[in-house]
1. In Å³ and rounded to a whole number, note down the convex hull volume per residue for the Cα atoms of the stretch 1-76.
2. Between Leu27 and Thr260, what is 0.36 nm times their sequence separation minus the Cα-Cα distance? Round to one decimal in nm.
3. So, in Å, what gap is there between the alpha-carbon centers of the stretch 98-117 and the stretch 148-196?
4. Can you show me the helix-derived [θ] at 222 nm for the chain, built from DSSP H runs with n ≥ 4 at -39,500 (n - 2.57) apiece and divided by the number of residues, rounded to the nearest 500.
5. Test of understanding: what is the full-extension gain from Phe202 to Glu189, defined as 0.36 nm times their sequence separation minus their Cα-Cα distance?
6. Pop a pseudo-label 7 angstrom from the Cα along the beta-carbon direction at both Ala48 and Thr141 and give the gap in nm to one decimal.
7. How long are the semi-axes of the ellipsoid equivalent to the stretch 90-227, from square roots of 5 times the Cα gyration tensor eigenvalues, in whole Å, largest first?
8. What is the log10 of I(q)/I(0) for the stretch 2-285, computed with the Debye formula using one identical point scatterer on each Cα and no solvent, at q = 0.07, 0.10 Å⁻¹?
Amino acid sequence: MNITLIQAPIATGTTQKGMALAPERYLQAGADQSLASRGHSVETSVVARTTEDDLEAVVEVNTGLAAEVRKATEAGRFPMVLGGACNVCLGALAGLSPRTLGIVWFDAHGDFNTPDTTPSGYFDGMPLAIAAGRGHQNLRTRITEGDPVPEERVLLSGVRDLDRGERDSLESSEVRVVSTDSFKQHGMERSLLPALRQLATFVDEVYLHLDMDVLDPEVAPGVNFPTPGGMMLDDLQRAIEMIGEHFRIAAASVTAYDPTRDEGDRTLLTGLSLLDTVAKAAGKSSSAIRVIS
């Protein structure tokens, strides 16, 4: 498979800056070489941040990221974004075609707050809501002229920590939510497959978003908001495989790893393993035609 690893080193908030170090750390650890050793053709690129202002940086980095994603897809390459914070979804989606696209989003948190519901004001608690057309639309339209992704095309999975207003917004939305509790009660495949079936009635291709804190801190301690009770690595890998079996994966982002908080490189090694899983699933997905039955 032809892959472009796109580094998007952005993070917002004074205590979350370590996430901006993640893309370079993955490359230092040989992410490109590891993928190449498995038979993939790998190119790398980086989108630079030049401004100190967080919201201006979101626009700057994501505008550049959209151009890199578009360049990769036009060259027949798979865009794999090594992100800092989750707002890299805005650039990744802007570089794709939202008219035919769904989102499968793995995260311990909803990222579905808006300026009206957030108790903290933390911008990176809002990216999924922004992508779906809720809040900060002036900012989103500076990054892309495309429409938001309709809520019925969004699947949020692995969630287990929601703010009250965010929970209310999700419950009144058309976003499909598969919680970690559902995984634990019914098993990962029995919980996820019905949601994938529903999503497949709307789209054939998806943008895959992985926030490392969807995993249990046991396997991914190097995150800013570790939340107990998360997914195990093998379950997340199987979920990614299922997505690749049933949808074309148009692009993927791996986000929210903070090297300054890691323990013995456990999160780094987990992230490298996930990059391999995503590459395999995306390669298979190019010929997978919704075998959901």
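1. 77
2. Contour length minus the Cα-Cα distance gives 82.3 nm.
3. One Cα centre to the other: 10 Å.
4. -12000 deg cm²/dmol
5. Additional length available on full extension: 2.7 nm.
6. Distance between the two pseudo-spin positions: 3.1 nm.
7. After scaling each eigenvalue by five and taking roots: 22, 19, 14 Å.
8. Here log10 of I(q) over I(0) equals -0.21, -0.44.
No lab work stands behind these numbers, since they all come straight from the coordinates. Only a predicted model underlies this, so the values are computations on that prediction, with no experimental measurement involved. Positions of Cβ are backbone-derived with ideal geometry, glycine not excepted, and every protein chain shown enters the neighbour counts.
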